[in-house]
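Read-outs: derived from the displayed coordinates by stated rules, not from any lab. Nothing here was measured: the structure is a model prediction, and the numbers come from that model. Backbone-built Cβ (ideal geometry, glycine too); neighbour counts: all protein chains shown.
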Amino acid sequence: MRTIIFRTIAPYLAALMVLFSIFVLLRGHNEPGGGFIGGLIAASAFAIYGIACGVAAVRRAITLHPMTISAWGLFIAGLSGLPSLFMAQPFMTSQWWYVHAFGVEIPLSTPLFFDIGVYLVVVGSISSIALALEERESD
Amino acid sequence: MAATDSAVDLSQAMRLEPVLPADWLLVAPLIITILGGALCLMTRKNTAAQPKIAIIFLTLLVFACAGLLAHVLDKGVVTMVAGGWLPPFGIAFTVDALGATLALTSSIVALCAAVYGISDVDNSGRRYGFYPFLLLLMTGVCGAFLTGDIFNLYVWFEVLLISSFGLLVLGNERAQLDGAVKYALLNIIATTLFLIATGLLYGILGTLNMADIAIKARGAGTDGPLMTVAVLYFLAFAMKAAAFPVNFWLPASYHTPRIVIAAVFAGLLTKVGVYALLRIFALLLPDARVALADLIALVAIVTMLTGVLGALAQTDVRRLLGYLVISGIGSMLAGLAIGTTPALAGTIFYAVHSILVMTALYMAAGMMRALGGSYSLRELGGLYRASPAFAAVFLMLAFAVAGLPPFSGFWPKVILVDAALVGGHGWIAGAILVTGLLTTIAVGRVWIYAFWRGGAEGTPDGQLMAFAVPAPGAVGANVWLPIGVLLGLVVLLGVQPEFMMQVSGRGAATLSEPMGYLRSVFGEGAL
C-alpha cells in the first residue's frame, strides 16, 4: 500500500477531502449534504492519511483525541437546541440571524450549529474507530 | 427566506403559543445528561475531576426530574414538541406521572451509583469512560421514559444500549467479554425486533406518535397485522425486561462487570423494558393486551417462579441477585396481565421499589466483597462480626425484596395480590405469594451463610473462625452514603406509601383512561 505515489499524494488528497467535507457540511441545510455525510468524508480523509503516513502522524495532525472531538460535537449539538428557551419556544426551534458581510447576506442558524455538532461527533467517533483498527494492523 | 415567511400561515403547521419555562423541564433531563456526558468525555484524562462533574450533573438531573414530577402532578400530562411542529409530525415529548416517577427514581439511582463509583471505579476505568457512559446511559433511560413517539423510543433504547455495552466491557476481562457477547447479541435481536415491529406499525397506521397510535389503534380491532405487531413488541420487550423464556442473558452477564455497573443495570435496564411494555400494551394497543392477557399471565407466573428458584440454586451473590431481578420482572408483568387500573398502579409501584432495592442490594453485595473478600456464599462468613451495622442494612434490604412489611416491597405486592383476587386471577395471586415466600428463603440463605455462619463453608455451628477484620475505613463514606440513601427511600416507601400510591395511581389512570394523554398532545379542541 505504501507506495511512493500514494505517500506523496495522500496529504494533498486528505486536505482536499477535509475541504470538501466542510463544503458538504455547509450546503447541507438546503441541498443534499449535511453534518453526517460531511463527517464521514472527513473521517475517511484521516483514514487515508493514516494508511499512507501512519497513525501517529494523523494523531499529531488533529491535535485533539478523536473522542474529545466527538465530545465537543455532542456539546455543540446539545447547546444548539437551547437558544429557543429564551424565545419562549419549544426545544430545538430554529433561530436565524442574517449577517451582512462583504456585501453578501449570510444566513446563520441554530440548525447550522447542530449540523456542525453532528459533523464533529461523526468525525471523532469514526476516526477513533478507524485509527484504532489501523494501529492494530501496524503492530 | 424572510420574504416568504409572511406569505405562509405557520399556525397550520406549528404550535405558535409561547412555551412556559416550566415546560422545558420535559427536555431538561436529556439536555443535562448530554451536556454533562460531553463534558466528562472531554475531560476524561483528568480522572480526579470526572466524579465531580458527573455528580454535579446527576444532582441537577435529580432536581430536574423532581421538578418535572411536581409539574406533572400539578398540570396533568404535559407535552413539548421539538421545534414546535404540530403532532403527529413533530417529535413529541409527552410526560405523565408514570414516566416522570420512573425518571426521578432512575436519576436518584444514577446519582447513588456515581457516588459509589468513586471508590469502585479506578483511574483506568475512569479513563475508559465510566462517567461519560453513565451520563449517556441516563440520557437513554430518561429519553425512553419521557418520549411520546415510538420511533424516538427506539432511538433512546439504542442510546442506552450502546452506553451499556461500553459499561459492560469496562475493564476488558475475559469473563466480561463473554458476558457482553451474550448480552449484546440478545439485546440487538430484541432491538431489531422492536424496529421491525415499529416499521410494521407505521405501515398499518401511518403514524409514529404514541397518542396518534392510541387513537387509530382503538378503531382497528385485534385481527390480522396489528396483532402480529403486538406479539412482536411483546417478544422484543420481554427480552429487554428479561422475562422467561428469554431471560438467560441476564444471569449470564450481570455478574461480570464492576459491581456498581451491575447495580445500575439491575436497577434500570430491565425496568425500561417493563415501562415499554406498560406504555405499549396499556396505552397504545389495549385490545391486544386483552387478547394476550392469558399469555402475559403465564409468562409472568413462570418468570416469577423460575427467577426465584434460580436464586435458590446460586452460590454467587451477584448471580443470585440477578435471578431476583428476573423474579421481580414477573411480578410487574402480573400487573400488566391483570390490566385493571389498580393492577397497573401496583406494577408502577413495584417498578419504583425494584429500581431502588435491586441497586441497593448489588451495592450491598459489593460491600460484602469488601468486608468478606468474596462473592461466593461458600467462602463468605462472619460478616455480622465484621460490621453489625451492615448486617442490619442487609437484613432490611432482604426484607424489602422479599416483600415483607414495613419496607417498600410490601405495598406493591399487596396491591397486586388484591387486584388479582378482585379480577378473579387466583393463580397470579398465589404465584406472587409463593414467590414472596421463596424469596424470603433465598435472601435468608444469604443472611445465614454470609452473616450468621462463623466463617467459610464447613465452619461448625457456634464457632467463630478467625478472619482478617478489614481495616476501619476499608468501606468508605462514599459506599455507605448511596446505600444509606437507597435504604432510606426503601424504608420511607414502606412506612409512608401514600405519596407513591397516589402517584402510581395517577400513572395507571393515564394508561387506562388516556383522554388526558391525548388532549395533552393534540390540544383541547382536537378530540
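Compute the projected area of the convex hull of the Cα atoms of the protein assembly as shown, averaged over all viewing directions, and report it in nm² to one decimal place. The partial results should precede the final answer.
Working: hull surface 130.8 nm².
Spelled out: convex hull of the Cα atoms, projected over all directions, averaged, 32.7 nm².
Please state the charge dipole magnitude for chain B, taken about the Cα centre, from unit charges on C-beta atoms (+1 on K and R, -1 on D and E), reported in debye and rounded to the nearest 20.
Values: 26 positive and 24 negative charges, 242 e Å.
Roughly 1160 debye for chain B.
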Exercise for review: Please tell me the relative contact order of region A:4-138 in percent, rounded to the nearest whole number, where contacts are Cα pairs under 8 Å and at least six residues apart.
Suggested key: 30 percent
Check your understanding: With axes computed from alpha carbons, what is the tilt in degrees of helix A:4-27 against the longest principal axis of chain A, rounded to the nearest 10 within 0 to 90?
Key -> 10 degrees
Practice item. Can you find, among B:A241, B:G322, B:L61, the residue farthest towards the positive end of the dipole of chain B? Put +1 on the C-beta of Lys and Arg, -1 on that of Asp and Glu. Key: B:G322
Practice item. Using the charge dipole of the protein assembly as shown (Lys, Arg: +1 at Cβ; Asp, Glu: -1 at Cβ; taken about the Cα centre), state which of B:C142, B:G117, B:A391 has its Cα farthest towards the positive end. Key: B:A391
Check your understanding: In region A:52-114, what chymotrypsin sites (Phe, Trp or Tyr not before Pro) fall in a loop by DSSP, with at most 11 other Cβ atoms inside 10 Å?
Key -> A:F102
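Which of B:K52/B:K182; B:K52/B:K240; B:K182/B:K240 have a Cα-Cα distance over 22 Å? Walk me through the numbers before you get to the answer.
On the way: B:K52/B:K182 33 Å; B:K52/B:K240 32 Å; B:K182/B:K240 13 Å.
Beyond 22 Å between Cα atoms: B:K52/B:K182; B:K52/B:K240.
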**Study point:** Cβ-based exposure ranking for B:L344, B:L111, in which fewest neighbours within 10 Å come first
**Key:** B:L111, B:L344
Point to revise | 0 to 90° range, to nearest 10: angle between helix B:28-42 axis and chain B longest Cα axis | key: 60 degrees
Revision key, fill the gap. Farthest towards the positive end of the dipole of region A:12-139, among A:L79, A:I22, A:C53 and with Cβ unit charges of +1 on Lys and Arg and -1 on Asp and Glu, lies the Cα of A:L79
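When the dipole is taken about the Cα centre of region B:249-358, and only Lys, Arg (+1) and Asp, Glu (-1) are charged at their Cβ, what size is it in debye, to the nearest 20? Walk me through the numbers on the way to the answer.
On the way: 6 positive and 3 negative charges, 59 e Å.
The calculated dipole for region B:249-358 is roughly 280 debye.
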Review point. In straight Cα distance, which lysines are under 25 Å from B:K216, not counting same-chain residues fewer than 8 positions off?
Key: none
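Would you mind getting the Kirkwood hydrodynamic radius of chain A from its Cα pairs, rounded to one decimal in Å?
Details: mean 1/r = 0.0615 Å⁻¹.
Computed over Cα pairs of chain A, the Kirkwood hydrodynamic radius comes out at 16.3 Å.
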Check your understanding: Helix A:66-80 versus the longest principal axis of chain A: what angle, 0 to 90°, nearest 10, using Cα atoms?
Key -> 10 degrees
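Name the longest site-free stretch of chain B, where the excluded sites are trypsin sites (Lys or Arg not before Pro) in a DSSP loop with no more than 12 other beta-carbon atoms within 10 Å. Numbers along the way, then the final one.
Details: sites that count: B:K45, B:R378.
The reported range is B:46-377.
Using the Cα centre of region A:4-138 as the reference point, and only Cβ charges (+1 on K/R, -1 on D/E), how large is the resulting charge dipole? Debye, rounded to the nearest 20.
On the way: 5 positive and 6 negative charges, 51 e Å.
In total the dipole reaches around 240 debye.
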Exercise for review: Run down the lysines and flag those whose C-alpha is under 30 Å from the C-alpha of B:K45, throwing out any fewer than 8 positions away in its chain.
Suggested key: none
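Give, as a single signed number, the net charge of other residues whose beta carbon lies under 14 Å from the beta carbon of B:I348, with Lys and Arg counted +1 and Asp and Glu -1.
Numbers: positive: B:K271, B:R279, B:K413, B:R506; negative: B:D96.
Here the charged neighbours net out to +3.
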